[in-house]
1. To the nearest 500 deg cm²/dmol, what mean residue ellipticity at 222 nm is calculated for the protein assembly as shown from DSSP H runs of n ≥ 4 alone, each contributing -39,500 (n - 2.57), summed and divided by the residues?
2. First measure r as the distance between the Cβ atoms of A:N61 and B:S43, then evaluate 1/(1 + (r/R0)^6) with R0 = 60 Å and state the FRET efficiency to the nearest 0.05.
3. Between B and A, buried accessible area summed over both sides at probe 1.4 Å, in Å² to the nearest 100?
4. Between the range B:208-249 and the range A:65-90, what is the C-alpha centre distance in whole Å?
5. Give me the distance in nm between label points sitting 7 Å out from Cα along the Cα-to-Cβ direction at A:Y4 and B:S86, one decimal.
6. Based on a Kirkwood Rh over C-alpha pairs, give the Stokes-Einstein translational diffusion coefficient of the range A:3-214 at 37 °C and viscosity 0.692 mPa s in µm²/s.
7. Using the Cα centre as the reference, give the magnitude of the dipole from point charges on the C-beta atoms of chain B (Lys, Arg: +1; Asp, Glu: -1; all else neutral), rounded to the nearest 20 debye.
8. Please list, ordered by chain and number, the residues whose modelled amide H lies under 5 Å from the amide H of B:Y5; skip anything fewer than 5 residues away on the same chain.
Amino acid sequence: MSDYIKDAIITGVWETFIMTFFASLFSYAVGLPLGVVLYSTSKGRLLENRGVNAVIGTIVNITRSLPFLILLVLLIPFTRAIVGKSIGTTAAIVPLTIGAIPIVARMVEASLSEVQPGIIEAATSMGASPLYTIIHFVIPEAMPSLLQGGAINVATVLGYSAMAGVIGGGGLGAIALQYGYYRYDKPVLWTTVTLLIIMVMLIQEFGIRLSKKHRKA
Amino acid sequence: MENVYELNNVYKTYKNDGREFTALKGVSLEVKEGEIFGIIGMSGAGKSTLVRTLNRLEEVTSGTVSFYGKDLAALKPAELREVRHSISMIFQGFNLLNQRTVIQNVEQSLKIIGVPRVKRRKKAEQMLEIVGLLEKCNEYPARLSGGQKQRVAIARALAADPKVLLCDEATSALDPKITGEILDLLKKINEERKLTIIIITHEMAVVEKICDRVAIIDDGNLAEIGDVKEVFSNPQSKAAKKLVFPSNPFEASHPDGKVIRLVFDGTQSSVPFIANLVEKTGIKVNILSANTKSVGGIGYGQMIVELPESQKERQTAIDFFRDGGLSVTEVS
Ligand SMILES: Nc1ncnc2c1ncn2[C@@H]1O[C@H](COP(=O)(O)OP(=O)(O)OP(=O)(O)O)[C@@H](O)[C@H]1O
Ligand SMILES: [Mg+2]
């Protein structure tokens, strides 16, 4: 493997890391509140609201059911409008974020739904408002599960970032595609694939440890 | 004494997917300030539903629940939350926050009402001291036994100085010894803080041990209500009889035999009547069952006896017991 390729791989790792990090961050910034809204407006929950739940639920379901590759292409104009270009690492963060938001939202909703109704009942009986109950009872109780879900989501974003390489997103995915697919350079292909797997495993491991540390019961 | 609660003709109908179920059918009762009020009944009778109307966790379908004269149903959300600060509740499943320490759990009820951090911590420590768990203050609930968890829940419930404590099967998940300890603690708190306590249970022993008055709920109806010693020594309703004398089918040994129940209420429990009856009249009776229990420190007892066949002897025996101050009722 030439030094040139080695450098390209190192840059690729870095780009993958940057894309994954920011796309995860932004998708949680939007997906977490969305998940909380989905949870609290659903049937029998504290802020039950059919209308809000149906609208957000439908949008989330539609975005989530689009194959990510299609979403990538569909979002090109949108990405260009936001970051001024449609290729490169920064540009790839946009579709990655949009694609991850519905996944995060559903994951958060599922984690919050696991919290035992008794906890909410106790909060209500103490005179806590619905918002207070969600912030101080439901979310803290769901924390270990939220962290575990977080690790899964970040790993998903990492996988998507490799796909973003297809439309010029850079990162390990782009290298794998160029050298592995177009030139069929096996050593480079396997190196990038191994690196991707290692990154996913590191994220999972970190997430599980964090979740375990937080889990008190 | 003032009434904490007044329930007037309370109905509760659950509606699920077009199916209706009426869990409370016109319950009216009063709970007096400072008393320990028991609500007992068979499983599914509507006890939890009833207690949950007391802090409006459950809305009533019709009728009124008033708390110190205020109709709970008329309160706006903010007012309801305010009132709930003075109505605490403990649960069968404890419902503690598992991801928070014991003291953080206790502090929660103070945090809700906006008590500042330092004051909150001090109050929480005091409460844990009262329930005897101060040394566990930094543990997580998962490390505690059931009895200890319920103590934490009690500390949490009492931290905000409520006027009433509602307990829904608070001891049902605990063994008899720990149940006894928790009940003693509740009794102590009732006496020291003049706290009104409402206890839901399906266990007679719980009511006998600490309640002043009891309501018996049967299939959504209030079957009987009164002082514990009266209801338990002389139950009137079928539901009450079934609870007080669960294994009642005392059949006479032959078809036209007569079985009666004698109830003594403490004053005469030391008198040996059966022996006296034989000695004074020569009439022998057949004892089918006998037991005594202590209700509020006084010994109560009941005895089920079968009387001889002769009508005359029967009457003599009944008169003898009545003269001795016992209450005599026919069983069959
Ligand atoms: N949310 C609900 N929807 C429909 N029916 C309900 C609901 N909650 C309770 N019920 C019904 O109301 C009746 C009374 O229930 P409740 O929980 O008050 O009984 P309980 O006396 O507390 O019984 P247990 O001793 O088993 O706790 C039961 O038949 C139950 O099935
Ligand atoms: Mg119940």
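The values are calculated or read from the model by the stated rules, or taken from the named source; none is laboratory data. Computed from a prediction, not measured in an experiment: that's the story for all the values here. Using ideal geometry, Cβ is built from the backbone for each residue, glycine included, and neighbour counts are taken over all protein chains shown. Calculation scope for accessible area: heavy atoms of the full protein, side chains included, ligands and nucleic acids excluded. Shrake-Rupley method; radii C 1.70, N 1.55, O 1.52, S 1.80 Å.
1. -16500 deg cm²/dmol
2. In this case the efficiency is close to 0.90.
3. Looking at B and A, the buried total is near 2000 Å².
4. Each part reduced to its Cα centre gives a spacing of 72 Å.
5. Spacing of the two 7 Å Cα→Cβ label points: 8.3 nm.
6. D, rounded to a whole number, is 177 µm²/s.
7. 1380
8. Here the answer is B:V31, B:Y68, since their amide H atoms fall under 5 Å of that of B:Y5.
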